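Student: Here it is: the structure, laid out below.
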Amino acid sequence: MPRGLANRMERLSPSATMEVRRRAEELRRQGVEVIDLGPGEPDFPAPEPVRGAAKRAAARGYAPYGPAAGLPELREAIAARYREDHGAAYSREEVLVCAGAKHALFTLALALFAGGDEVLIPTPYWVTYPEVVKLCGAAPITVPTYPEDGFHLRAEALAERISPRTKALILNSPCNPTGALLSPGELEGIVSLAQEHDFYVIFDEAYELIVYERGPFSAAPFKCENVIVVGSLSKSHAMPGWRIGWILGPRSAIRAVTAVQSHSITHPCSVSQRAAFAALTEARDAAAPMVAEYRARRDLVVASLNRIPGVRCPTPEGAFYAFPDVSAFLGGDSVALARYLLEEVHVAVVPGRAFGRDGHLRLSFSRSREELAAGLARLKEALEVLGGSHA
Ligand SMILES: Cc1ncc(COP(=O)(O)O)c(C=O)c1O
């Protein structure tokens, strides 16, 4: 008789973003026309050089095991990109290639966190952060951020939560779900705190190149023993399913994550690594046209949301999500509101509670302008029927 699941499973919450997708698909299978503003993946094809490189590799039967840390030329290309884009001097030995940024975070968590450790996580947070911390037996410690600050992290709020057990801070900029983009000055203050109190800053830059107000910003130039950078091709090159991301960090941390990876996935798919090499060497500017389109959609979405009585939507500085305040509806219960919108007008959005912030919804604008316009019209209608406490 099997004796059941590991205790750690009691601490794990299923991904709320996946739950929305599941229900939306269920409705679709029943023939309902759902407008899905839930997903976190680009609606663009992967660049041509990426597809060509993969096709050529697959056609010649390229299928070897490779080094656990990733193909040397790919590690070198990643390091070169940070040197060229940000003037950050990383060598190949300070780079690990993983199966996406999510896998990078999971591998880092396994290598760095254990029972008794505390990991600081600003709210609203990307859903995976607290879960990977809990899976490793460590405790997530949330640090609130506020709409009036554009959801930027206040150094005092962070300082208040640092303890002798603090092992790391997981930061995400541009932020999913708020779109907040940290400034170099803000990061400098945070890195100083990390050095003073001896913890890691894990900087998740999955949306690094999806920015609207300023140029791309990376933590890589803040290179020191405390800073770990996580990057990905999923958003910048519209390659989510190819599963390629990376970790940049001090050699001691890279050695540790390489050891973990060597006993888990061995290394990311060899063909994907070839495709990633092409992305970084032949499709360097792939993000620019996508960003131009996202910007137009962002402006459309934010303007439409702000025209709905009771809704307040700040303008995201990066990523491709709007995170409006809808606390005037249903007493701010974002889960009930998301359910209402899906069931009544068949628009899928993600409740803010999934990101640790009730009273908000996350709407993805990685959707065509037509779909967005139709979805927003339905949303407006449904919220007007519902009426908010503002009325
Ligand atoms: C903040 C953030 N980090 C990491 C990821 C995961 O990216 P990847 O596809 O590289 O695993 C996502 C994906 O939605 C994300 O939003």
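Nothing in this text is a laboratory measurement; each read-out follows from the coordinates by a stated rule. Note that this is a predicted model, so its numbers are computed, not measured. Every residue, glycine among them, receives a Cβ derived from its backbone with ideal geometry; neighbour counts consider all protein chains shown.
Student: Wrap a convex hull around the Cα atoms of the chain, take a quarter of its surface area, and give that in square nanometres.
Tutor: Over all viewing directions, the chain projects a mean Cα-hull area of 20.8 nm².
Student: Now for a different question. If one takes the longest principal axis of the Cα atoms in the chain, at what angle in degrees, from 0 to 90 and to the nearest 10, does the Cα axis of helix 334-345 lie?
Tutor: Long axis of 334-345 versus the principal axis of the chain: about 70 degrees.
Student: Give a residue-ordered list of calculated ³J(HN,Hα) values for region 72-80 (Karplus: 6.51 cos²θ - 1.76 cosθ + 1.60, θ = phi - 60°; whole Hz; x for Gly, Pro).
Tutor: The phi angles translate into x, 5, 6, 4, 5, 5, 5, 4, 4 Hz.
Student: Would you mind calculating the relative contact order of the chain from Cα pairs under 8 angstrom and at least 6 residues apart, reporting the percent as a whole number?
Tutor: Once normalised by length, the contact order is 23 percent.
Student: Same structure again: Over all directions, how big on average is the projection of the convex hull of the alpha-carbon atoms in region 164-289, in square nanometres?
Tutor: 9.0 nm²
Student: Counting only residues 5 or more places away or on other chains, whose amide H sits under 5 Å from the amide H of TYR321 once H atoms are built in the peptide plane?
Tutor: PHE365
Student: Loop-only check: which chymotrypsin sites (Phe, Trp or Tyr not before Pro) in region 15-115 are DSSP coil with at most 11 other Cβ within 10 angstrom?
Tutor: TYR65
Student: Over the Cα atoms of region 1-153, how large are the radius of gyration and the largest Cα-Cα distance (Dmax), in Å?
Tutor: Rg, Dmax (Cα atoms, Å): 20.4, 58.
Student: Near the amide H of ASN172, under 5 Å away, which other amide H atoms are found, from residues 5 or more places off or on another chain, if H is placed in the peptide plane?
Tutor: ASP204
Student: Additional query: Scale the Cα Rg of region 250-325 by the rule-of-thumb value 2.2 N^0.38 Å and send over the ratio, two decimals.
Tutor: 1.76
Student: Related question: How would region 10-56 be classified by its alpha-carbon gyration tensor: rounded, prolate or oblate, with rounded meaning a/c under 1.5 and the a/b versus b/c comparison settling the rest?
Tutor: Note, shape of region 10-56 comes out oblate.
Student: Right, next: Quick check: net charge around PHE199, other residues with Cβ under 13 Å of its Cβ, Lys/Arg +1 and Asp/Glu -1?
Tutor: So the environment of PHE199 carries a net charge of -2.
Student: If you don't mind, there's one more thing I want to ask. Over 21 Å between C-alpha atoms is what I'm after, so list which of LYS102/LYS235; LYS167/LYS235; LYS134/LYS235; LYS134/LYS223; LYS102/LYS134 land there.
Tutor: The pairs that break the limit, which is 21 Å between Cα atoms, are LYS167/LYS235; LYS134/LYS235; LYS134/LYS223.
Student: Can you tell me the FRET efficiency between ASP285 and LYS55 if r is taken as the Cβ-Cβ distance and R0 is 22 Å, rounded to the nearest 0.05?
Tutor: Computed FRET efficiency for ASP285 and LYS55: 0.55.
Student: Moving to a separate point now. Counting helices only, and only those DSSP H runs with n ≥ 4, report the 222 nm mean residue ellipticity of the chain as the sum of -39,500 (n - 2.57) divided by its residues, in deg cm²/dmol to the nearest 500.
Tutor: Helix contribution divided over all residues of the chain: -12500 deg cm²/dmol.
Student: What list of ³J(HN,Hα) couplings, whole Hz, do you get for region 267-281 from phi and the Karplus terms 6.51, -1.76, 1.60, once you set θ to phi - 60° and write x for glycine and proline?
Tutor: 5, x, 2, 4, 5, 4, 5, 4, 5, 5, 4, 5, 4, 7, 10
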